[in-house]
Amino acid sequence: MITTDRLEFRAALPTGGRLIGLDVGTKTIGTALCDAGWSFASPALLIRRTKFQKDKIALADLITAQQVKGIVIGLPLNLTDGSESPRSQSSRAFARNLADLALPIFLQDERWSTQAVTRTLIEQDASRAKRAELVDKMAAAYILQSAIDALVAI
């Protein structure tokens, strides 16, 4: 199941459980994990993209090791009107390619995630190199935290 409906996603997870958040880029995949009670999201691994099958194996290994019950993928919508873009379609295709992992997948609006994380890192005086290493993992945590906040509110 792939959905943008948080009620449908919540219904697919009747007992909660850990979730993984993904910020899917062209060069990297930022990952984040939350606790089983959906209280907080934390940055996890940064996966450097190669071929999709290798990327999928790395994600599947992390999902298995962390006993993940659902996947949250950032959906990059247009900033001005919230419509879908070519990048949105890329995220949807990525989600379809993960569907055989047999976990529910939720597509979460990620419009301001990278900007918010970058701003925070700049405020913390992180170097450009450090920001480049952290931004995708932190954006994944931001996306996942937004999703779990919405799920808990249901």
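The values are calculated or read from the model by the stated rules, or taken from the named source; none is laboratory data. If you're wondering where the values come from, they're calculated on a predicted model, not measured in any experiment. Neighbour counts are summed over all protein chains in view; Cβ atoms, including those assigned to glycine, are modelled from backbone coordinates with ideal geometry. Remember, those area values only see protein heavy atoms, side chains included, never the ligands or the DNA or RNA. Shrake-Rupley method; radii C 1.70, N 1.55, O 1.52, S 1.80 Å.
Would you check if Gln89 is more than 15 Å from the chain's Cα centre (by Cα), modelled with pLDDT of 95 or more, open to solvent by 20 Å² or more (accessible area, probe 1.4 Å) and polar (S, T, N, Q)? Considered against the rule, which asks whether it is more than 15 Å from the chain's Cα centre (by Cα), modelled with pLDDT of 95 or more, open to solvent by 20 Å² or more (accessible area, probe 1.4 Å) and polar (S, T, N, Q), Gln89 comes out as no. All of (1) closer than 21 Å to Arg6 by Cβ; (2) open to solvent by 20 Å² or more (accessible area, probe 1.4 Å) hold for Ile105 with one exception: (2).
Of all residues in region 26-51 being part of a strand (DSSP E or B), closer than 21 Å to Ser88 by Cβ and touching a residue at least 24 places away in the same chain (Cβ under 8 Å), which is most open to solvent (accessible area, probe 1.4 Å)? So that I can check it myself, show each step before the final result.
Taking region 26-51 first, the residues part of a strand (DSSP E or B) are 28-34, 41-48.
Then drop every residue that is not closer than 21 Å to Ser88 by Cβ, which leaves 28-32, 47.
If we keep only those that are touching a residue at least 24 places away in the same chain (Cβ under 8 Å) as well, we get 28-32.
Details: Thr28: 17, Ile29: 0, Gly30: 0, Thr31: 0, Ala32: 0 Å².
So, considering only residues that are part of a strand (DSSP E or B), closer than 21 Å to Ser88 by Cβ and touching a residue at least 24 places away in the same chain (Cβ under 8 Å), the one most open to solvent (accessible area, probe 1.4 Å) is Thr28.
So, in region 97-154, exactly how many residues are aromatic (Phe, Trp, Tyr) and at pLDDT 75 or above?
Of all residues in region 97-154, those aromatic (Phe, Trp, Tyr) come to 106, 112, 142.
Now drop any that are not at pLDDT 75 or above, which leaves 106, 142.
Going through region 97-154 one residue at a time, the tally reaches 2.
Pairs linking a residue in region 137-154 that is in contact (Cβ under 8 Å) with a residue 60 or more places away in the chain to a residue that is open to solvent by 20 Å² or more (accessible area, probe 1.4 Å) and of a type in the set (Ser, Thr, Tyr), with Cβ atoms under 7 Å and 6 or more positions apart or on different chains, are Ala139/Thr114; Ala141/Ser42. I'd like to verify a number: residues in region 57-69 that are buried (at least 16 other Cβ atoms within 10 Å of the Cβ) and part of a helix (DSSP H, G or I), how many? Residues meeting the conditions: 4. Residues in region 9-25 that are free of Cβ contacts under 8 Å to residues at least 60 places away in the same chain and either in contact with a Ser or Thr (Cβ under 8 Å, 6 or more places away or on another chain) or not in a loop (DSSP other than H, G, I, E, B) (or both): Ala11, Arg18.
Just the residues that are surrounded by fewer than 15 Cβ atoms within 10 Å (Cβ to Cβ) and among the small types (Gly, Ala, Ser), please, taken from region 70-86.
Of region 70-86, the ones surrounded by fewer than 15 Cβ atoms within 10 Å (Cβ to Cβ) are 78-86.
Residues satisfying the conditions are Gly82, Ser83, Ser85.
Quick one: would you say Ser91 is touching a residue at least 12 places away in the same chain (Cβ under 8 Å) and closer than 14 Å to Leu144 by Cβ? The answer is no for Ser91.
With the requirement that a residue be assigned to a helix (DSSP H, G or I) and either more than 14 Å from the chain's Cα centre (by Cα) or surrounded by fewer than 24 Cβ atoms within 10 Å (Cβ to Cβ) (or both), what does region 143-154 give you?
The initial filter retains those residues of region 143-154 that are assigned to a helix (DSSP H, G or I), namely 143-152.
Those that are assigned to a helix (DSSP H, G or I) and either more than 14 Å from the chain's Cα centre (by Cα) or surrounded by fewer than 24 Cβ atoms within 10 Å (Cβ to Cβ) (or both): Gln145, Ser146, Ile148, Asp149, Ala150, Leu151, Val152.
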